[in-house]
Amino acid sequence: MFDTGQTPRVYALPPGVDFPRALIEGLTARMEGAPPEALARVQLVVNTRRMARRIREIFDAGPPRLLPRLSLVTDLGESGGMDRLPPAIPPLRRRLELTQLIAKLLDRQPDLAARASLYDLADSLAGLIDEMQGEGVSPDDIRNLDVSDLSGHWARAQTFIGIADDLIGSDTDELDMQARQRRVVEGLIARWQEAPPEHPVILAGSTGSRGTTLMLMQAVARLPQGAVVLPGYDFAHRAAVWDRLDRALTSEDHPQYRFRKLMDALEIGPGEIRRWTDTAPPAPARNRLVSLALRPAPVTDAWMEEGPKLSGLDAATADLTLIEAQNPRDEALAIALRLREAAETGQSAALITPDRMLSRQVTAALERWDIVPDDSAGQPLHLSPPGRFLRHVAELFTGRLTGETLLTLLKHPLCHDGAGRGEHLRHARDLELDLRKRGPAFPDAEGFARFAARHEGTVPRPWLDWLNGCFCDRVRPGAQPLCDWVADLRTLAEVIAAGSQAEGSGTLWQKNAGQKALSVIEALEREAERGGAMTARDFTDLLAALLQGEEVRDRDAGLTGIMIWGTLEARVMGADLLILGGLNEGSWPEPARPDPWLNRQMRDRAGLLLPERRIGLSAHDFQQAIAAPEVWLTRAKRSDDAETVPSRWLNRLTNLLRGLPDQGGRQALEDMAARGRTYLAWAEALEETTPVPAAPRPSPRPPVAARPDRLNVTEIKRLIRDPYAVYAKRVLRLNPLDPLVQEPDALLRGTALHEVFERFVRDDLGTGAPLNRETLMARAREVLEAHVPWPTARALWLARLGRIAEAFLAAEAGRQASAISSAFEQTGKMTITPPGVTMIGRADRIDMDARGILSIFDYKTGAPPTRDQQAKFDKQLLIEAAMAEQAGFGILAPAPVSGAVFIGVGSSYKEVPAPLDDEPPAQVLEDLRELLSAYAQPDQGYTSRRMLFKDSDVGDYDHLARFGEWDRSTDPTPEDLA
């Protein structure tokens, strides 16, 4: 196939050429005239499975012929005598071993790192070991680095790296994947030196970015019938440019740098790299433009020299479109419109982006036209239904069961899907309403039993037993072996998935996502013995990390010809239209990953890969993709309310065009943007909605007969400040749904402290207990222990009570000396005629002195209302005083009231008396009668937010009133209701 010679054979194809197709064309041309079986002796080695699939698809399209032996670089160890090497140990095993070693180190030196970073440290250290083995760097090379200026950081890093020395040994039974791959390549090279293969060996598609692959490329290029075919080689580069690409620290991020590195290794020059075929790229003028735009930083002065000589800019940019959207949503919608157009016209199109958020937004936008793209990345496993389900189940081991955790699992689509799914959802709905209304905050078997008793006859016993068995008492304190955690997780997950009416595991392990999740669990089961003991939280973090590292793809979904690719797929090409999306710094290129072990200079000295390597690979992907027949370049100017920075490559391209006005560069750039603005305008038109007039400020006027005839004294304040809330609650009978996640909020604190003071005064002082701090705090601890299941909240509230205890006890001594506590939590009622409205009140505490005169007290854990606020709005105590004098409270007959006081027991102790002198009971009743009579008139509306204390106050019914479409300056709109 190849002429004999001493020069290594290196061929290349320029950017934009369909690499797999041109590779086959060049191979076919070289085999012309050879017998049919000659092609079958060719060994074709490629670097990705996608490349191999595309090559096979082109061969399958005909004509009929024998096929070359097609393999991956990573499959070389399975043939040629290399299969005697033991299989590489699973990456999970190595990470679990490192986790144990790092855990023991942190136990001895906890100041080295946080325990929560255990798995991340193990994963990062495993990556470093993997890279060291792939690049042929020994632990001694790392240990002998000159780090005199970084002694503190290096000492900590060496502490971690030192624990991995034993893992990088020469034992052939314990080889990592990179170590085994390097051993395979070294073995092949040794065999080839002794007995070179007589058949052609072609390594195609790789850039040699990893040390092992570069070593293999050198060996293949020197074989008697060996050749390397490079993708996206820039033939437009001058010799001076190639000469400046030999400085690793300044050129590593250039798209052609890896080819310069290969030339140096093979001791050849740019002129010795030949074209594999004469296939011309789709846009040669564009390749020249991009090549000049991407010149390495030290030689960008070439713009001044070569820029004026650049011609054909109109042809170079004719099929380029520039989209600069205002936000990611507009960018995604414009891309979706173009993909929809491609689907209608039969044009193959691919969105290439490393931004998974953008690709998901484009996929969502395409759903409106029932277009499902073929997404090469798929969905992260931890976000798939089985991944979420397993993570939720694992959370059961980490802490007390909450209503949120319980309902999240009960409503999950994989929960109880074996049989009786409909009945299960009905019971789960009833349980949710019961938990919201009655609790407890932490559901348990007793709570479930009370729920079943309240729904006797509707909750079947098997479902209740399944609920108790799956969700109660699942907390696992302390550490236990990883194998036990995995067994518990799998058993519990399958039982929850099957439900109360079936056995097995339901559909948990079905479909692609379920099978992938099962493979993760089975891998954990196989390697669990290496994981040692860990806590429930460590296990949950480990599971989440493993699931997050996997992708699941539905190969049956997706429209042929509409694709979403990662940047690596740009090398495979094969689409008529390429959309390069998310061209912003931090997205494309992605930022260099931080290395907790070695800085940039240390990596360079040790012979490891530099952070700029990934940027250089992305640059090469960009240079190949932008050379396609038709290309879109898209970005969003803003993201998350912050300005974005254009990708460095896009920035260079646009700056170069702006600097070439005489050659039509500015006009070409304007034409690119104009084509993009057309689609942005379509996207804006697609998003246009019919304007809807703002809702008026409501002031409903229901029939008088429908208006409330019973009100609580605490609702008078609401009737004055926000009448619409009274209308919604009393007329429409709408009540806010209680929160599912119960928290130690102000309501619970008020309820608990009310009981503390009531029982202290009634049960303790009433039975002769001493009036002192010890008695009060003992009672508080008892009540809080019974009603507040949050230890932190109990401790905090107890501490706050302790701060005001002395002031409260001093004031209580005065109250005990002047009167006797006669009633607690007493309910009274009084009818106001006219208009015939019954007022209901509940007094926290009523004292009576020797003369039969009453004093009313109300405890406030918040700020008590001032005297002025009580006179104008908060009339609770004033009305209760009038009620006590007119109708009495519970067991207490009507009697005069000498005082009514709000007792503030919040952050500080405070007493605020009601202004009984300024607002006597007779006047209060008259004002109340006038207020209630006004709302008994047909023309009086219940205005929303009539007189709130602050504009920022939030009401339970503001959303019903459409507050926000109007404000307090808007006049109410009365509406008569039938």
query: What number of residues within segment 880-909 satisfy the criterion of being on the phi < 0 side of the Ramachandran plot, of a type outside the set (A, V, I, L, M) and in a loop (DSSP other than H, G, I, E, B)?
result: 5
message: Condition first: assigned to a helix (DSSP H, G or I), under 20 Å from A673 (Cβ atoms) and free of Cβ contacts under 8 Å to residues at least 12 places away in the same chain. Can you find one or more residues in segment 341-356 that meet it?
response: yes
query: Can you tell me which residue in segment 910-924 is modelled with the lowest pLDDT, limited to those that are assigned to a helix (DSSP H, G or I) and crowded, with 17+ Cβ neighbours inside 10 Å?
result: P921
statement: For helices (runs of 4 or more DSSP H) lying entirely in segment 188-276, having 1 or more residues that are of a type in the set (F, W, Y) and either in contact (Cβ under 8 Å) with a residue 60 or more places away in the chain or assigned by TED's automatic domain parsing to the domain that holds V17 (or both) picks out 239-243, 257-266
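Could you list, in sequence order, all residues of segment 638-648 that are surrounded by fewer than 23 Cβ atoms within 10 Å (Cβ to Cβ), more than 20 Å from T678 (Cα to Cα) and either not assigned by TED's automatic domain parsing to the domain that holds A342 or not aliphatic (A, V, I, L, M) (or both)?
Start the filter on segment 638-648 by keeping residues that are surrounded by fewer than 23 Cβ atoms within 10 Å (Cβ to Cβ), which leaves 638-646, 648.
Pick out the ones that are also more than 20 Å from T678 (Cα to Cα) and you get 639-646, 648.
Hits for segment 638-648 are S639, D640, D641, E643, T644, P646, R648.
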query: When the residues of segment 381-418 are filtered to those that are of a type in the set (A, V, I, L, M, F, W, C), in a loop (DSSP other than H, G, I, E, B) and within 27 Å of E743 (Cβ to Cβ), which remaining residue is modelled with the lowest pLDDT?
result: L401
task: Would you check which residues across segment 795-835 are within 30 Å of L711 (Cβ to Cβ), in contact with a Leu (Cβ under 7 Å, 6 or more places away or on another chain) and not in a strand (DSSP E or B) and list them?
output: P835
- request: Evaluate the following for T654: is it closer than 21 Å to R288 by Cα and part of a helix (DSSP H, G or I)?
  value: yes
query: Quick one: what pairs do we get from segment 365-380, first residue at positive phi and in contact (Cβ under 8 Å) with a residue 60 or more places away in the chain, second assigned to a loop (DSSP other than H, G, I, E, B) and surrounded by fewer than 18 Cβ atoms within 10 Å (Cβ to Cβ), C-beta under 6 Å, 6+ apart or different chains?
result: G378/R553
query: In the list A695, A668, A683, A628, which residue meets the criterion of being under 16 Å from L322 (Cβ atoms), modelled with pLDDT of 90 or more and assigned to a loop (DSSP other than H, G, I, E, B)?
result: A628
task: Give M777, M830 a once-over and let me know the one that is touching a helix residue (DSSP H, G or I) at 6+ places or on another chain (Cβ under 7 Å), surrounded by 14 or more Cβ atoms within 10 Å (Cβ to Cβ), under 30 Å from A934 (Cα atoms) and not polar (S, T, N, Q).
output: M830
- request: Pairs only if they're at least six apart or on different chains, beta carbon under 6 angstrom, first in segment 809-831 and under 16 Å from D844 (Cβ atoms), second basic (K, R) and in a strand (DSSP E or B); list them, first residue then second.
  value: F824/R845; T827/R842
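Output yes when any residue across segment 325-335 is part of a loop (DSSP other than H, G, I, E, B) and surrounded by 18 or more Cβ atoms within 10 Å (Cβ to Cβ), and no when none is. Full working, then the answer.
If we filter segment 325-335 for residues that are part of a loop (DSSP other than H, G, I, E, B), which is where we start, we get 326-327.
When the remaining residues are screened for being surrounded by 18 or more Cβ atoms within 10 Å (Cβ to Cβ), the result is none.
The answer is no; no qualifying residue exists.
Looking at segment 707-755, which of its residues are assigned to a helix (DSSP H, G or I), among the charged types (D, E, K, R) and closer than 28 Å to P834 by Cα?
As a first pass, look at segment 707-755 and keep what is assigned to a helix (DSSP H, G or I): 715-721, 723-731, 746-755.
Next, only the ones that are among the charged types (D, E, K, R) stay: 715, 717-718, 721, 729-730, 749, 755.
Hits for segment 707-755 are E715, K717, R718, R721, K729, R730.
From the list L216, L249, L245, which residue is crowded, with 21+ Cβ neighbours inside 10 Å, at pLDDT below 90 and out of contact with any strand residue (DSSP E or B) (no Cβ under 6 Å at 6 or more places or on another chain)?
L245
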Number of the condition not met by R635 [criteria: (1) within 26 Å of D18 (Cβ to Cβ); (2) buried (at least 20 other Cβ atoms within 10 Å of the Cβ)]: (1)
message: Suppose we filter segment 381-408 for residues that are farther than 18 Å from L492 by Cβ, surrounded by 17 or more Cβ atoms within 10 Å (Cβ to Cβ) and without any contact (Cβ under 8 Å) to a residue 60 or more places away in the chain; how many remain?
response: 0
- prompt: For segment 432-476, how many residues meet the condition of being touching a residue at least 24 places away in the same chain (Cβ under 8 Å), farther than 18 Å from Q742 by Cβ, in contact with a Lys or Arg (Cβ under 9 Å, 6 or more places away or on another chain) and assigned to a helix (DSSP H, G or I)?
  reply: 0
- line: Selection from segment 333-350 of residues in contact with a Gly (Cβ under 8 Å, 6 or more places away or on another chain) and either farther than 11 Å from I564 by Cβ or at pLDDT 95 or above (or both) yields A334, I335, A342, A343, G346, Q347, S348
- prompt: In this structure, does F448 turn out to be under 31 Å from the mean Cα position of the chain (by Cα), of a type in the set (F, W, Y) and under 21 Å from K437 (Cβ atoms)?
  reply: no
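Would you point out the residue of segment 925-945, among those that are surrounded by 19 or more Cβ atoms within 10 Å (Cβ to Cβ) and in a loop (DSSP other than H, G, I, E, B), that is farthest from the chain's Cα centre (by Cα)?
Looking at residues that are surrounded by 19 or more Cβ atoms within 10 Å (Cβ to Cβ) and in a loop (DSSP other than H, G, I, E, B), I get Y935.
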- request: Give the residue that is farthest from L719 (Cα to Cα), with candidates limited to residues of segment 657-706 that are of a type in the set (S, T, Y) and in contact (Cβ under 8 Å) with a residue 40 or more places away in the chain.
  value: Y679
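The values are calculated or read from the model by the stated rules, or taken from the named source; none is laboratory data. Keep in mind the model is a prediction, meaning the values are calculated, not measured. We place every Cβ from the backbone using ideal geometry, glycine too, and count neighbours over all the protein chains shown.
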